[in-house]
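Encoded as structure tokens, the structure appears first; notes follow it.
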Amino acid sequence: MTDSRTEQPLMRHSPSTGSGSPDVWGIHDPATGSVQYVCADPATRQAALIDVVWNFDLRACRFSTRSMEQVLDLVRAQGLEVAWILDTHPHADHVTASALLKERTGATTAIGARTAEIATLWAGFYNLPGAFDPARDYDRLLEDDAVLPLGDCSLRVMFSPGHTLGSISYLCGDAGFIHDTLMQPDAGTARADFPGGDSAALWDSIQAILALPEQTRLFIGHDYGTKTRSTPEWEATVARHRAENTHVRNGTQREAWIARRDSRDAGLALPTNMLAALQINLRGGRLPPVEEDGEAYLKFPVNRF
């Protein structure tokens, strides 16, 4: 693999390490650098699907289900029963497949409870009052420390704001699905400059993650490679992050990290799909209502960002 953004999707299995530990499959989406996860109880074969992508071509404004089908193919091949369809936050870089997955599987959809605040914030940017209602479009809005049964395993919600004001992580045995907090150790940490984001809150969220047991397998939301690594990666232990993470290894000082994060974020462009994706993701992965011609349309604020 020479360029993680242009090559074929890559899948890896991280096997259970024992009682209470899930099997985890990660599937990298090369177009957006996103990683989709299947988290399954080895005994009962119940599974949670986390941050699954609905592929979107911005140039043509067309969708495909290529990535979602790859996830569902894996579910069938492994004999899994989908119990949960989970998002960690309303994504800025890709469109969520949660609504489509619910149609296909009948499983329960969920996202963090403070997504309601993100919805209110973005309804203002789009001038679409009342358009977004996460309580309508998700089956569950999850509070900190909520526990979701998954066969002989369980998923615990950890409130992890900073990247967005409503981001959550999912902890399942020795596996943590930590979305846009940490990147791989050689890439550092995620950005915190979107509306409602906060670098100080992100620091606190990262420290809570790094306080988990050392052998916890941390599964990140994205990987874009680095100047010296082109093959996508998405798993590393807490111990490895503490020792090697280029932004937050042991000994890093809070104020120095916040200053570095804010400085880096100031030079970053918006994700390519952000203004399209959020108005779908804040509907739980549903398109806007069709208009009188039978078509759905997206709306873009001009000169706001």
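The values are calculated or read from the model by the stated rules, or taken from the named source; none is laboratory data. If you're wondering where the values come from, they're calculated on a predicted model, not measured in any experiment. Virtual Cβ from ideal backbone geometry, glycine too; neighbours counted across all protein chains shown.
Some values worked out for this structure:
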read-out: In the stretch 50-96, residue nearest to residue 166 (Cα to Cα) [restricted to those that are in contact (Cβ under 8 Å) with a residue 60 or more places away in the chain and surrounded by fewer than 19 Cβ atoms within 10 Å (Cβ to Cβ)]; value: 58
read-out: Test: residue 83 is farther than 23 Å from residue 276 by Cα, of a type in the set (A, V, I, L, M, F, W, C) and part of a loop (DSSP other than H, G, I, E, B); value: no
read-out: Number of the exception - residue 231 against (1) under 25 Å from residue 30 (Cα atoms); (2) crowded, with 18+ Cβ neighbours inside 10 Å; value: (2)
read-out: Verdict on residue 200 being in a helix (DSSP H, G or I) and of a type outside the set (Ser, Thr, Tyr); value: yes
read-out: Test result for residue 235, within 17 Å of the chain's Cα centre (by Cα), of a type outside the set (A, V, I, L, M, F, W, C), modelled with pLDDT of 95 or more and at negative phi; value: yes
read-out: Test: residue in the stretch 276-287 that is modelled with pLDDT of 95 or more, under 19 Å from the mean Cα position of the chain (by Cα), crowded, with 16+ Cβ neighbours inside 10 Å and basic (Lys, Arg); value: yes
read-out: Subset of the stretch 234-261 [exposed (fewer than 15 other Cβ atoms within 10 Å of the Cβ), within 18 Å of residue 199 (Cβ to Cβ) and of a type outside the set (S, T, N, Q)]; value: 254, 255, 256, 259
read-out: Unmet criterion (only one of (1) under 20 Å from residue 93 (Cβ atoms); (2) of a type in the set (D, E, K, R); (3) surrounded by 15 or more Cβ atoms within 10 Å (Cβ to Cβ)) for residue 299; value: (3)
read-out: Any hit, the stretch 240-259, residues being in a loop (DSSP other than H, G, I, E, B) and closer than 28 Å to residue 99 by Cα; value: no
read-out: Number of the condition not met by residue 305 [criteria: (1) closer than 30 Å to residue 23 by Cα; (2) part of a loop (DSSP other than H, G, I, E, B)]; value: (1)
read-out: Strands (runs of 3 or more DSSP E) wholly inside the stretch 101-190 containing at least 1 residues that are in contact with a strand residue (DSSP E or B) (Cβ under 6 Å, 6 or more places away or on another chain), over 18 Å from residue 286 (Cβ atoms) and among the charged types (D, E, K, R); value: 153-159
read-out: Residue in the stretch 10-43 that is surrounded by the fewest Cβ atoms within 10 Å (Cβ to Cβ), counting only those that are assigned to a loop (DSSP other than H, G, I, E, B) and touching a Lys or Arg at 6+ places or on another chain (Cβ under 9 Å); value: 17
read-out: Single condition residue 225 does not satisfy, out of (1) at pLDDT 95 or above; (2) assigned to a loop (DSSP other than H, G, I, E, B); value: (1)
read-out: Contacts under 6 angstrom Cβ, first residue in the stretch 253-267 being within 17 Å of residue 204 (Cβ to Cβ), partner in a helix (DSSP H, G or I) and of a type in the set (Gly, Ala, Ser), 6 or more apart; value: 258/199; 258/200; 261/199; 262/199
